[in-house]
Amino acid sequence: MTYRKRWTPLHAARAVVGSAWCIVLAAVALSLEHPLLLVAVLGAVLAAAALAQVPGTVLRALAWALPFGLAIVLVNAVVVRDGLTVIVRGWTLPWMGALDITLEATVYGLVLALRALIVIAIFALHSAAVDPDELLRAFRRVSFRSALTATLATRLVPMLARDARRLRDAQRCRPGEPASRVALVRAVATGALDRAVDVAATLEVRGYGAPGAQPRRSGRPWSRHDLAFLASTAGLAVLGLGAWLGGWDPFEAYPLTRAPVDGSVLLLSLALLACVLLPFADRRGVGG
């Protein structure tokens, strides 16, 4: 959990709206292939993180994800044999035979890696700027028990990890061979079941599930920030569908890489930037 309350438009919007905005933004990133469009989306995400006052969280997530991106580039360059421009010829691997690396496969690996990094950055922003408790409270209207289960799971996972570390440390203090991983998992699972029984008993004593115990719907009115991020979400969805279905993204990876930068690409880049950043322009009513 990296969420920290900040006085920004994204924090002021409803959790459901902020979550939908992040999900649609990630879907738009996955629908694009042109490098300039992806760079525009990445720049918009980093600017949104700065405006949401959580740039450190997003940058740390990107730093951790860089090795993953490099692995994507390497795997795509080695595995994919499409493309006409050979940049490495003659390597022979025992399990793959002759290995030719093409420029097109390398470039498309970079595109895939950039898309993955953008999605990771978006969900780091989601984790830092969207209140998870409010999001779970919103879903309890659909299924109260499912929301409670998700809440308890997110709260108990760190506790179970601490239990596992303590058991492992205790085993190191004992003579002889340490217990196997299976035994450790069994002990942690047993503790989790005991805790679940205790929590269930506590909830039963407090009247959980009794008639009238269901939460009432909140009367919180929709704010200007909710409407702004909803409009941004709709705009992003239109731009993503247009790029995916309407041919607004002129990128071609194989057999020769083509990434023309024309007026439509520049216009789409500016539209994406504006759609992501405009909801942050109105800071009235954010609190603080």
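Here are some notes:
- Here the label points at VAL39 and ALA234, each 7 Å from Cα along the C-beta direction, are separated by 3.3 nm in the simple model.
- The charge dipole of region 1-135, taken about its Cα centre with unit charges on the Cβ of Lys, Arg, Asp and Glu (plus for the first two, minus for the last two), comes to roughly 300 debye.
- C-alpha center-to-center spacing [region 217-268, region 49-83] in angstrom: 21 Å
- Within the shell of other residues whose beta carbon sits under 10 angstrom from the beta carbon of LEU99, the net charge comes to +1, with Lys and Arg scored +1 and Asp and Glu -1.
- Under 5 Å between amide hydrogens, built in the peptide plane, is the criterion, and for LEU99 it picks out GLY90, TRP91, THR92, LEU93 among residues at least 5 positions away or on other chains.
- Arranged from fewest to most other beta-carbon atoms within 10 Å of their beta carbon, ARG186, ARG115 become ARG186, ARG115.
- Residue order, fewest to most beta carbons within 10 Å, for THR2, THR190, THR57: THR190, THR2, THR57
- Derived scalar couplings ³J(HN,Hα) [region 102-117; Karplus, 6.51 cos²θ - 1.76 cosθ + 1.60; whole Hz; x for Gly, Pro]: 9, 5, 5, 5, 5, 5, 5, x, 5, 5, 4, 5, 5, 5, 5, 5
- Net charge of neighbours whose Cβ lies under 12 Å from the Cβ of PRO250, counting Lys and Arg as +1 and Asp and Glu as -1: -3
- Phi-based couplings in Hz for region 57-73 (Karplus 6.51, -1.76, 1.60; Gly and Pro marked x): 4, 5, 5, 5, 4, 5, 4, 5, 7, 4, x, 4, x, 5, 5, 4, 4
- The packing ranking, built from the mean of other Cβ atoms within 10 Å per residue, places the peptides 129-135, 255-261 in the order 129-135, 255-261, highest first.
- Separation in nanometres of the label points that stand 7 Å from Cα toward Cβ, at ALA63 and GLU252: 4.2 nm
- Once the chain from LEU84 to LEU99 is taken as fully extended at 0.36 nm per residue, the excess over their C-alpha distance is 4.0 nm.
- Other-chain or far-sequence residues with amide H under 5 Å of THR85's (modelled H): LEU103, GLU104
- Overall form of region 230-288: prolate. Here a/c, set by the Cα gyration tensor axes a ≥ b ≥ c, is 1.5 or more, and a/b is the larger of a/b and b/c.
- Rounded to the nearest 20 debye, dipole of region 222-288 from Cβ charges on Lys, Arg, Asp, Glu: 260 debye
- J(HN,Hα) series, region 15-22, from Karplus relation 6.51 cos²θ - 1.76 cosθ + 1.60, nearest Hz, glycine and proline x: 5, 5, 5, x, 5, 4, 4, 5
- Packing-based ranking, highest mean first, of 220-227, 41-48 given that Cβ atoms within 10 Å are counted: 41-48, 220-227
Every number in this text was worked out from the coordinates using simple rules, so none of it is lab data. The structure presented is a predicted model; accordingly, all values stated were derived computationally and were not measured. In this analysis, Cβ positions are derived from the backbone assuming ideal geometry, glycine residues included, and neighbour counts consider all displayed protein chains.
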